[in-house]
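Chemist: Here it is: the structure, laid out below.
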Amino acid sequence: MSDSGEVSCDLPQPGLIPKTPEGQDFVAVAIRIFVNDTVELATREFRFYNCAATVRKSENTPCMSCVGSPWGCQWNTQDHTCSDADNSVVDSHIIKHRQSANCPRFENPDPGLIPVGYKTPIDFEGINLKQYQNRHFTIGSELMTKEEDVSFDEAGGFYTFSGFNFFYDKSPETNVLFYVKDKESGKKMDSTVYVTLYNCAVERNDCSLCKNADPKYKCVWCSKKQACVYEKLCDPLPSNTECPDPEITNISPLFGPVLGGISITISGSNLGIDQGDIKSITVAGKPCIHEPEKYSISKRVVCEIGPADKADWGQVEIEVNGGKRGTSSVSFTYRDPVPEEVTPNRGPKAGGTLITISGLFLNTGSKEDVQVTIGGVNCSVALSKPIHGAILGRGNRKITSKRSSKARF
C-alpha cells in the first residue's frame, strides 16, 4: 500500500488466468482485498480481455468487431489478425480502434429478394479494397452446399456472383447472410451482404392464397405443378396460371331451422382472396346472406341462411369472382327440432335444476343457436348431445332458433 492509500499488486501469470469463455472477448475474475488474511475489506470484478477473441462475436465482420470492441484493439488487414493497440505502428494496413469505416468490406446486395428454386445473380459493393487489387474472392452461406467464385465488373465497379439454387421450406421467408473469403488466404472479409430468401409455396397451398401473396414476390399459381411458385418457374400461358374452381370441404352446422336465421360456416380452398370475391351463396337452392366480416382468405366463408317453405335439403354452392363455382359433396338440411320429454319435469322455484330435454333433431343449428326458456325465463344450455337427441340445461321448457323457429311442448 502506498502513502496515498492506493493498493497495487502484480497481475497473475498468463497461465493462471482462466480461459476466455466461448462467445466472449474477455474473462471476468474477482479481486478481493483482505486484512490479516481473514477479513475481506473490498471486492470488485476485473476483466482480462483478449483482442484475438473479438472476432468470435461476429465472424462475418472480423475487422469491425475488432476495432469496435471496448478494448482499444486494432486490425491488421495483411494477416487478418486483431491485436492490442500499438501506436508505434502506423500503416495503411492497420485499422485503428473505432475506425470501422476504414475496414475493407462488402455490402449493399442487389437484388435483396431472392426466390427459392431459381438461380438469381447477385451484385454487391466492395469498400476499401485498394490493398486487395487483383485478388480473388469466394462467397458462401449456411444454405449453400459449396462456395462460389466472385467476379468483378470493371465497367460497373461492383462485384457479382452467379447465384445459387436455394432450397428452404421452414417458413415463407428467411434472411441469408453471405460470407466472403479472400481466395488466396481463405480468411473471411467483412461482409454485410444479406438477402431475403422466400418460398412462394409455404403457407400458400391453394390458388387464392397464392394470388394474395405480396406482389413483390411475383408468385403465380402453376396449374401443371399444382403449386404456388416464382413466376419464372412456370409456363406463362394464362391457362397454366388460372385458378381452379372453389372446393368446399366442410359445412357447419349441417342442420338448420326451416325459418332460417342462423349462420353456417363453409370451409374449403380457393374461396377467393377478398371478401368481395364472394358473388353468391346458396344453401339447398335458397340464398344465404354473406357475412363479410367473418371471411377468411381462401379458407372460410360465413353466411346466414334464409327461410325455406318446408323441411328440405340440398347442396351448398358458392360463386366467386370470375364466375367459378364450387358445390359441396354433402347436403345441408332444413328441419325443426322436436322436443319430446323433459327430465325432471319439476324443480324448485329458485332454479338451479339441471334438466335434460330429449327428442328429435335437437342437433339443429349449433349450441350457440339454441335458446331454452321456461315460462319466459332463460335456461342456459350446459351440454348438447345430438347423437342421443338430448340437451342439458338449467331451468326451462322451450327451444328456439336465433330468428323465431320454435319447438314447444
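Chemist: Among residues belonging to the range 240-257 that are among the β-branched types (Val, Ile, Thr) and buried (at least 18 other Cβ atoms within 10 Å of the Cβ), point out the one that is nearest to residue 220 (Cα to Cα). Walk me through how you get there before you give the answer.
Modeler: Start the filter on the range 240-257 by keeping residues that are among the β-branched types (Val, Ile, Thr), which leaves 241, 248-249, 251.
So of that shortlist, the ones also buried (at least 18 other Cβ atoms within 10 Å of the Cβ) come out as 241, 248, 251.
Numbers: 241: 6, 248: 22, 251: 29 Å.
Across the range 240-257, the extreme among qualifying residues is 241.
Chemist: Also, quick follow-up: Among the residues of the range 103-115, is any free of Cβ contacts under 8 Å to residues at least 60 places away in the same chain, in contact with a helix residue (DSSP H, G or I) (Cβ under 9 Å, 6 or more places away or on another chain) and outside any loop (DSSP other than H, G, I, E, B)?
Modeler: No, the range 103-115 has no match at all.
Chemist: Got a number for residues in the range 213-225 being modelled with pLDDT of 95 or more and surrounded by fewer than 18 Cβ atoms within 10 Å (Cβ to Cβ)?
Modeler: Looking only at that region, the number is 4.
Chemist: Restricting attention to the range 262-275, does a residue exist that is in a helix (DSSP H, G or I) and among the polar types (S, T, N, Q)?
Modeler: So the first thing to find is which residues in the range 262-275 are in a helix (DSSP H, G or I), and the list is 275.
Keeping just the survivors that are among the polar types (S, T, N, Q) gives 275.
Yes, because at least one residue in the range 262-275 is in a helix (DSSP H, G or I) and among the polar types (S, T, N, Q).
Chemist: Something else: Within the range 201-223, take every residue that is assigned to a loop (DSSP other than H, G, I, E, B) and in contact with a helix residue (DSSP H, G or I) (Cβ under 6 Å, 6 or more places away or on another chain) and give me the one that is farthest from residue 79 (Cα to Cα).
Modeler: From the range 201-223, those assigned to a loop (DSSP other than H, G, I, E, B) are 201-206, 212-214, 218, 223; that's our starting set.
Those left that are additionally in contact with a helix residue (DSSP H, G or I) (Cβ under 6 Å, 6 or more places away or on another chain): 204, 218, 223.
Numbers: 204: 49, 218: 44, 223: 55 Å.
Here the residue is 223.
Chemist: Report, ordered by the first and then the second residue, all pairs with beta carbons closer than 8 Å, sequence separation of six or more or different chains, a first member in the range 142-153 that is exposed (fewer than 13 other Cβ atoms within 10 Å of the Cβ), and a second member that is at pLDDT 95 or above and not in a strand (DSSP E or B).
Modeler: Going by the 8 Å Cβ cut-off, the qualifying pairs are 149/136; 149/183.
Chemist: Starting from residues that are within 26 Å of the chain's Cα centre (by Cα) and without any contact (Cβ under 8 Å) to a residue 24 or more places away in the chain, keep the ones in the range 224-240 and report whichever is nearest to residue 325 (Cα to Cα).
Modeler: Ranking the candidates gives 226 first.
Chemist: Something else: Considering the range 344-365 alone, what residues qualify as being modelled with pLDDT under 90, small (Gly, Ala, Ser) and assigned to a loop (DSSP other than H, G, I, E, B)?
Modeler: 347, 350, 351, 352
Chemist: What single numbered condition from (1) surrounded by 21 or more Cβ atoms within 10 Å (Cβ to Cβ); (2) farther than 20 Å from residue 269 by Cβ; (3) within 23 Å of the chain's Cα centre (by Cα) fails to hold for residue 173?
Modeler: (1)
Chemist: Another one. Of all residues in the range 69-95, which are buried (at least 17 other Cβ atoms within 10 Å of the Cβ) and out of contact with any Cys (no Cβ under 9 Å at 6 or more places or on another chain)?
Modeler: 94
Chemist: Please verify whether residue 146 is assigned to a loop (DSSP other than H, G, I, E, B), within 19 Å of residue 59 (Cα to Cα), assigned by TED's automatic domain parsing to the domain that holds residue 187 and at pLDDT 95 or above, treating the condition exactly as stated.
Modeler: On the way: assigned to a loop (DSSP other than H, G, I, E, B): yes; within 19 Å of residue 59 (Cα to Cα): yes; assigned by TED's automatic domain parsing to the domain that holds residue 187: yes; at pLDDT 95 or above: yes.
When the stated conditions are applied, residue 146 passes them.
Chemist: OK, next. Which one is surrounded by the fewest Cβ atoms within 10 Å (Cβ to Cβ) among residues in the range 116-125 that are in a loop (DSSP other than H, G, I, E, B) and either out of contact with any Phe, Trp or Tyr (no Cβ under 8 Å at 6 or more places or on another chain) or among the aliphatic types (A, V, I, L, M) (or both)?
Modeler: Taking the range 116-125 and keeping what is in a loop (DSSP other than H, G, I, E, B), we get 116-121.
Remaining after also requiring either out of contact with any Phe, Trp or Tyr (no Cβ under 8 Å at 6 or more places or on another chain) or among the aliphatic types (A, V, I, L, M) (or both): 116, 120.
Numbers: 116: 21, 120: 17.
This residue is 120.
The values are calculated or read from the model by the stated rules, or taken from the named source; none is laboratory data. What you are looking at is a predicted structure, and each value in this text was computed from that prediction instead of being measured. Heads up, the Cβs are rebuilt from the backbone with ideal geometry, glycines too, and the neighbour counts pull from every protein chain shown.
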